[in-house]
Amino acid sequence: MKMPSSLIAEGERGHRRGVVLGLTMAELLLLLLFCLLLVSASIAQRKDERIAELQASANLDITVGQLADMRAELARLQALFPKAALPLPPANWTELVAAKAVIDGLTEKGIDAAPTSDPTLRKLLLEISEAKAADPRLLDRLEKMLSASNDRSADAESSMQWPPMITLSDDGYTFERGSAALTDAFRARLQTKVTDDVLSLLTRYKVDVVEIVGHTDEQKINPAKPSNLDAVAISAMNGASAISDLTPADNAGLGLSRAIAVANALIQTGRLGSVKIIPLSAAQLVMPGDIIADGSHVGDVRERRRIEIRVRRSSDGGTN
């Protein structure tokens with residue numbers, strides 16, 4: 001049976017309604033899904049690329065930081081040794097590394113590569129940095145020169161400073177009125193802490209003379225006997241006579257007797273060796289604080305009955 005042509009035409013129109021660009025609806029949906037998958041894959045790839053970029057950026061930051069440290073170190077070296085200044089990295093960074101290694105090695109040995117005006121030393125440092133290797137002979141020369149330079153600097157610094165004075169004036173260090181006798185506590189402190197302090201000053205300032213100055217207050221002395229210091233002072237200083245054998249007739253003699261008593265206590269420790277110990281007297285003339293007395297502070301003033309200790313070099317300039 002033959003179908004009517006109108007029905008056939010209507011069916012063809014219905015079929016065309018389900019086709020777009022030659023594709024059925026099912027095919028179109030599959031194509032759309034495929035495109036979505038492509039977009040997702042592109043987004044994921046871009047995310048991975050961004051992560052890789054961030055990681056590379058982090059690594060780059062470390063490298064830049066290291067380079068900044070190198071430049072800072074080079075600037076320090078250039079300030080220390082301007083005539084031996086090295087070019088900035090990265091062009092000649094091996095010279096910087098070599099120079100820094102030299103200074104670090106010397107620092108580990110306790111040698112201070114401090115700024116110096118010695119042109120020979122600067123030239124030597126430049127030679128080492130240009131060698132790009134730690135030549136033992138160059139290092140040995142540099143070590144010796146730096147040691148000598150630092151010793152000279154230390155000597156110059158010490159010679160420009162006045163050693164501090166040790167003042168003994170509190171209750172444990174003062175004398176009774178009119179007396180040069182040392183109490184047991186006074187003697188014990190002289191032979192321990194005070195001796196330690198004196199030795200420290202002798203070593204630090206490279207000196208060999210200890211001056212001991214005895215002081216008194218302004219009370220007058222009324223001795224029962226005339227002074228015998230002219231006859232006994234030397235033997236008392238040498239330890240041949242006792243301090244109690246000394247009879248001062250005035251404050252000048254009393255100050256000297258007190259200085260001799262302290263000198264004997266220090267000598268008896270046996271720790272000062274061949275150091276020259278000189279007793280002196282300031283009597284009542286100098287008040288605490290290096291103030292010259294004006295005679296208005298009379299009476300029993302314990303703090304003025306004191307000892308002052310100072311160190312210096314021998315008058316001939318020699319040291320032991």
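For the reader, a short list of remarks on this structure follows.
- Distance between the modelled labels on Cys35 and Ala242, one decimal in nanometres: 12.3 nm (7 Å Cα→Cβ projection).
- Solvent-accessible area per residue in the stretch 172-265 equals 45 Å², computed with a 1.4 angstrom probe and all protein chains kept.
- The stretch 179-316 - percent of accessible surface contributed by carbon and sulfur, probe 1.4 Å: 53 percent
- Extension gain (nm, one decimal) between Glu303 and Ile234, 0.36 nm per residue minus Cα-Cα: 22.1 nm
The values are calculated or read from the model by the stated rules, or taken from the named source; none is laboratory data. Just so it is clear, the model here is predicted, and its values are computed rather than measured. Because the Cβ atoms are built from the backbone with ideal geometry, glycine has one as well, and the counts that use them run over all protein chains shown. Protein only, heavy atoms only, side chains kept; ligands, DNA and RNA dropped before computing areas. Shrake-Rupley method; radii C 1.70, N 1.55, O 1.52, S 1.80 Å.
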